[in-house]
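Notes follow once the structure below has been shown.
The values are calculated or read from the model by the stated rules, or taken from the named source; none is laboratory data. Everything quoted here is computed from the prediction, not taken from an experiment. Cβ sites come from the backbone with ideal geometry, for glycine too, and all protein chains shown count toward neighbours. Quick note on the areas: whole protein, heavy atoms, side chains included, nothing else; ligands and nucleic acids left out. Shrake-Rupley method; radii C 1.70, N 1.55, O 1.52, S 1.80 Å.
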Amino acid sequence: MIATNSSKTEPIKYKKILAGSVGNLIEWFDWTIYAAFAIFFSSQFFPPGNDTAALLATFAVFAVGFFMRPVGGWLIGLFSDRFGRRNALALTIIMMAVGSLLIGITPTYESIGLLAPLLLVLARLIQGLSLGGEYASATTYLTEIAPDKQRGFYSSFLFMSAALGILMASGLGWILTTTLSKTDMNAWGWRIPFIIGAIGGVVGIWIRQSIAKEDDTNVEKKEVVKQPLRSLIRDYPIETLRIIGFSTLSTYAFYVFMAYLPTYAIRHGGADPKIAFGANTVAIIFYMFMQPLFGYLSDKIGRKPQLITFALGNLLFFYFVMQFVNDSFVTLLLIEMFGLTLYAMYSSIAPAIMAEQFPSNIRAVGIGTPYNLMVAILGGTTPYLLTWLQSIHMESIFYFIVLLAAFISLITFVKMPETAGSKLK
């Protein structure tokens with residue numbers, strides 16, 4: 001059992017929350033700028049002549065990075081469970097910063113030929129490992145320092161920091177596309193966010209070093225699990241399947257409404273980039289401030305009401321809403337606010353409900369491996385799949401895939417036990 005948790009309401013440890021979540025902000029800024037700026041730099045890394053083919057190739061590299069996430073969730077999760085959350089949190093932020101720097105300084109295909117896409121792939125592999133480990137390590141840290149009856153509120157800061165990182169990426173896109181010409185953006189403007197991300201990593205490392213050793217909730221370990229993957233399948237099959245069920249709809253919802261919709265609106269709806277990034281930025285601000293609200297609410301009324309509303313709302317309305325994507329700022333903003341409000345009901349408490357499934361000595365691996373596997377399979381292919389389906393005018397197929405995911409998650413949420421206020425295992 002985690003001895004530091006209490007069933008009483010305690011003062012909120014904001015400095016510890018900051019230390020646990022700041023790296024997540026930087027990680028998601030670095031991760032998101034790839035998708036957000038792909039439309040500008042895709043032609044720089046691949047042979048010129050076909051913009052759609054270059055964009056598809058860029059999103060294929062995006063997917064490759066995703067498939068390193070379950071590896072990162074397993075390897076860094078194992079490292080976290082054995083050697084402490086503090087060490088794992090430092091490692092993930094260093095890796096992400098290195099990946100961003102590599103993308104930001106890599107010469108173009110015209111300059112170095114095939115070495116350019118190879119370096120791009122290498123950078124995304126490093127970032128995929130990093131992000132897979134970051135989610136598991138930050139989730140376990142934030143939920144383990146939280147009092148039992150405030151765990152939903154504490155966990156909400158993980159995706160609040162992710163939203164802030166994505167907001168910064170989207171806002172930077174808004175600024176750059178407003179101040180720079182399309183020619184400048186294609187030539188060199190896209191490099192700016194990656195350099196900023198690498199610099200931000202240094203700041204994040206400094207803040208995370210403030211985590212005191214006594215606050216590293218897993219330094220004094222219980223029995224070491226020698227074969228954690230076998231243990232997950234043998235000892236926690238239902239809990240592992242729950243993580244998979246949690247992650248089906250949430251993965252699609254995140255990458256559609258948070259990351260890809262600006263690109264989709266530009267290509268499908270004919271929206272001006274300033275309009276698309278502007279609507280995305282405003283919607284993410286709204287989403288960010290909903291995180292602690294829904295986290296706090298879940299501690300009072302339970303996790304399941306929010307989770308069921310999230311799944312049911314998407315099941316009933318997702319297809320209808322996506323038919324209205326066009327070039328209007330107001331329309332795009334309303335679409336994003338619809339999707340992100342529902343998603344906030346889940347994301348604000350996702351770390352809590354995942355942490356509540358496993359004991360401390362296997363928690364990071366138990367969360368990181370199945371969660372990141374689903375994100376790799378579903379989220380990593382979303383931009384590529386949507387771009388390809390759009391190119392053959394069959395994007396409606398994707399909408400039905402999302403509806404199936406909503407149904408799977410709805411069944412998972414209905415059948416799971418209520419965990420609000422429970423003690424961690």
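Details
- Rounded to whole numbers, the Karplus 3J(HN,Hα) couplings from phi for segment 129-144 are 4, 4, 5, x, x, 4, 4, 5, 6, 5, 4, 5, 4, 5, 6, 7 Hz, using 6.51 cos²θ - 1.76 cosθ + 1.60 with θ = phi - 60°, and x at Gly and Pro.
- When the pairs K304/K425; K16/K300; K13/K300; K15/K423; K274/K304 are compared against a 29 Å limit on Cα-Cα distance, K274/K304 fall above it.
- Within the chain: Cβ-based charge dipole about Cα centre, in debye rounded to nearest 20 (Lys, Arg +1; Asp, Glu -1): 1020
- Fully extending the segment from I195 to K300, taken as 0.36 nm per residue of separation minus the present Cα-Cα distance, adds 33.6 nm.
- Estimated distance in nm for a label pair at L18 and I411, the labels positioned 7 Å out from Cα along Cα-to-Cβ: 4.6
- Net charge, R363 excluded, C-beta distance under 9 Å - Lys, Arg +1, Asp, Glu -1: -1
- Count Lys and Arg as plus one, Asp and Glu as minus one, and take only other residues whose Cβ is under 11 Å from that of L424; the net charge is then +1.
- Å² of accessible area per residue within segment 278-334, as computed with a 1.4 Å probe and no ligands counted: 45
- Ligands, DNA and RNA are left out, and with a 1.4 angstrom probe the accessible area of segment 77-190 is 32 Å² per residue.
- If you look at the Cα atoms of segment 32-119, you get an Rg and a Dmax of 15.7, 50 Å.
- Averaging the Cα positions of each part gives two centres, and for segment 254-270 and segment 133-153 these lie 31 Å apart.
- Residue by residue, segment 88-93 carries 3J(HN,Hα) couplings of 5, 5, 5, 5, 5, 6 Hz when phi is fed to the Karplus relation 6.51 cos²θ - 1.76 cosθ + 1.60 (θ = phi - 60°); x denotes Gly or Pro.
- Using R0 = 25 Å, the C-beta based FRET efficiency linking I308 and F400 works out to 0.75.
- Solvent-accessible area assigned to carbon and sulfur over the chain amounts to 70 percent, based on a 1.4 Å probe.
- Overall form of segment 351-425: oblate. Here a/c, set by the Cα gyration tensor axes a ≥ b ≥ c, is 1.5 or more, and a/b is not larger than b/c.
- The dipole here belongs to segment 319-425: it is taken about the Cα centre, uses +1 on the Cβ of Lys and Arg and -1 on the Cβ of Asp and Glu, and is about 500 debye.
- Rounded to 10°, Cα long-axis angle of helix 329-347 versus longest principal axis of the chain: 20
- Angle in degrees between helix 69-83 and the longest Cα principal axis of the chain, rounded to the nearest 10: 30
- Spatial separation of Cα centroids for segment 111-131 and segment 78-101, in angstrom: 19
- Sorting the Cα pairs of the chain by distance into bins of 10 Å, from 0 upward, gives 5, 24, 34, 25, 10, 2, 0 percent per bin.
- Hypothetical label at S111: residues of segment 172-194 whose amide nitrogen lies under 14 Å (7 Å Cα-Cβ projection): 187-192
- The GNM of the chain, with springs linking C-alpha atoms under 10 angstrom apart, assigns the highest mean-square fluctuation among T341, T108, T179 to T179.
- From the largest down, segment 278-379 spans 50, 34, 26 angstrom on the principal axes of its Cα atoms.
- Across segment 256-267, computed HN-Hα scalar couplings (Karplus, 6.51 cos²θ - 1.76 cosθ + 1.60, θ = phi - 60°) run 6, 8, 9, 10, 9, 4, x, 5, 5, 5, 5, 7 Hz from first to last residue, x flagging Gly and Pro.
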